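The values are calculated or read from the model by the stated rules, or taken from the named source; none is laboratory data. Every value quoted in this text rests on a predicted model; they were computed, and no experiment measured them. Cβ sites come from the backbone with ideal geometry, for glycine too, and all protein chains shown count toward neighbours.
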Amino acid sequence: MPTLIAKHKEMMMTDPNTRPPLPPFSYEEAVVKTRKAEDAWNSRNPEAIALAYTEDSQWRNRADFPVGRAEIIAFLANKWQREQEYRLIKEVWAHSGNRIAVRFAYEWRDDGGQWYRSYGNENWQFDERGLMAYRHASINDMAISEADRKFHWPLGRRPDGHPGLSDLGL
């Protein structure tokens, strides 16, 4: 029986559409997968982000239910028209087999200058290629003052030395 590492390497060679780490996830792999998702979302590039999802991926995001990459791209493009200066941190909550549960917080401002911190939880299910087939997100928004912001890195990837959610008391 091939090792997990050999399985991942073989899959990547035969299918360029794989997104390692692949399930089943160890805790360390779930952390890597979560950070890759955080980095992608902080890029705010809907087309690139959509490639991490299956072509028929099904989402529940608040009261929106996009299905498939085209709808995901449209959803994300619309999201970042409304949510400006977006900065996100994700943290693994639990994992098992091909599923990962994360908690997250992100800060953003609207076009009127009001800042928000949005808190939420996501449940993810992946296919054998490491693409996300299902994403269920529950999110709550809280208006904050600019002085209450905690995410101050330049737009884009959160720096490696920046505290995570638990470190920030969130």
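Going by what's in this entry, would Glu146 be described as of a type in the set (Asp, Glu), closer than 17 Å to Glu38 by Cβ and in contact with a strand residue (DSSP E or B) (Cβ under 8 Å, 6 or more places away or on another chain)? Taking the combined requirement at face value, the residue does not satisfy it.
Okay, residues lined up against (1) within 26 Å of His162 (Cβ to Cβ); (2) under 12 Å from the mean Cα position of the chain (by Cα); (3) at pLDDT 95 or above:
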site: Ala52; (1), (2), (3): yes, yes, yes
site: Arg69; (1), (2), (3): no, no, yes
site: Asn78; (1), (2), (3): no, no, yes
site: Arg82; (1), (2), (3): yes, no, yes
site: Tyr86; (1), (2), (3): yes, no, yes
site: Glu91; (1), (2), (3): yes, yes, yes
site: Trp108; (1), (2), (3): yes, no, yes
site: Asn123; (1), (2), (3): yes, yes, yes
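Pairing each residue of region 148-168 that is in a loop (DSSP other than H, G, I, E, B) with any residue that is surrounded by fewer than 11 Cβ atoms within 10 Å (Cβ to Cβ), provided the two are 6+ apart or on different chains, yields C-beta distances under 8 Å for Trp153/Pro159.
Picking from Asp127, Asp148, which residue would you name as being more than 13 Å from the chain's Cα centre (by Cα), more than 20 Å from Ala63 (Cβ to Cβ) and crowded, with 16+ Cβ neighbours inside 10 Å?
Criteria check complete, one pass: Asp127.
Within region 52-97, the residues that satisfy the criterion of being surrounded by fewer than 16 Cβ atoms within 10 Å (Cβ to Cβ) and either in a loop (DSSP other than H, G, I, E, B) or touching a His at 6+ places or on another chain (Cβ under 6 Å) (or both) are Arg60, Arg62, Ala63, Phe65, Gly97.
The condition of being among the hydrophobic types (A, V, I, L, M, F, W, C), touching a residue at least 60 places away in the same chain (Cβ under 8 Å) and within 19 Å of Glu122 (Cα to Cα) holds for only one of Ala63, Ala52, that being Ala52.
Scanning region 37-72 for residues that are of a type in the set (Val, Ile, Thr) and in contact with a helix residue (DSSP H, G or I) (Cβ under 7 Å, 6 or more places away or on another chain) yields Ile49, Ile72.
Of all the criteria given as (1) of a type outside the set (A, V, I, L, M, F, W, C); (2) within 16 Å of the chain's Cα centre (by Cα); (3) surrounded by 15 or more Cβ atoms within 10 Å (Cβ to Cβ), the one not satisfied by Gly156 is (3).
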